[in-house]
Amino acid sequence: CDPPLGQPAEICRRTLSTEARLNYNGHNVGVGINLAMGWDRFFVTLPITYVWSDVNLVDTTIEAINISPRIGVIGDVGEMGTIAAFIGATYLDANIDLTGSFEFDTPGVPGLGETTSLEFKISQRNKDKWNYVVGANWDVSRSWSVMIEAGVGGSRENLMAGLTYRW
């Protein structure tokens, strides 16, 4: 840091803090397709989703693509229904640039005045675009099913579970 003209170097070592209270709104629109095929007890799926998000915190539209190829096997468990187990991977590519500014109260700090403004830009990118997926879907009956899926590996981990009722 170069201190303002005539100011001591200590001004550059001063810690300023504030609390970010984000109040934002926006809209998301997505489109997707799930390609699937099966033979005998085996299946392959390829869900693809593309999403556009327009949020008032960012200057541009956020775009993200998610692709999740999977391969699995379906097993009959008698009166308990059928279970489909699968493995696969998930590709996620999302890029976000946040810009803005914060106001700090700086009374009594030589050379800064009563308030100081700090402008910022934060670029958020996926550290890893791919991770692995393992999961299962249990069709308990014609109407009820339960699913669970875990994503592991790389820098992303997730766990999803769901209950489905069909009529």
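Local charge for residue 121 was computed over the other residues whose Cβ lies under 12 Å away, with Lys and Arg +1 and Asp and Glu -1, and equals -3. Rounded to the nearest 20, the Cβ-based charge dipole of the chain about its Cα centre (Lys and Arg +1, Asp and Glu -1) stands at 500 debye. Heavy-atom accessible surface of the stretch 36-120, averaged per residue, reaches 61 Å², computed with a 1.4 Å probe. Each Cα pair under 8 Å and six or more residues apart adds its separation to the average, and for the chain the resulting relative contact order is 15 percent.
Counting protein heavy atoms only, the chain has 58 percent of its accessible area on carbon and sulfur, 1.4 angstrom probe. The label-point distance for residue 160 and residue 125, in a model that sets each label 7 Å from Cα toward Cβ, rounds to 2.6 nm. Packing around the peptides 147-154, 36-43, taken as the average count of other Cβ atoms within 10 Å per residue, puts them in this order, highest first: 147-154, 36-43.
Rounded to the nearest 0.05, what FRET efficiency do residue 109 and residue 21 give with R0 = 35 Å and r taken as the Cβ-Cβ distance? Could you check? Display every interim value, and only then the final one.
Values: r = 23 Å, r/R0 = 0.66.
Efficiency, rounded to the nearest 0.05: 0.90.
Counting charges near residue 141 (Lys, Arg +1; Asp, Glu -1) among other residues having Cβ under 11 Å from its Cβ returns a value of 0. Computed over the Cα atoms of the chain, the ratio of the radius of gyration to the Kirkwood radius (Rg/Rh) comes to 1.22.
The values are calculated or read from the model by the stated rules, or taken from the named source; none is laboratory data. Model, not experiment: these values are computed from the prediction. FYI the Cβ positions are ideal-geometry reconstructions off the backbone, even for glycines, and counts take in every protein chain you see. All accessible areas refer to the heavy atoms of the entire protein, side chains included, with ligands and DNA or RNA removed. Shrake-Rupley method; radii C 1.70, N 1.55, O 1.52, S 1.80 Å.
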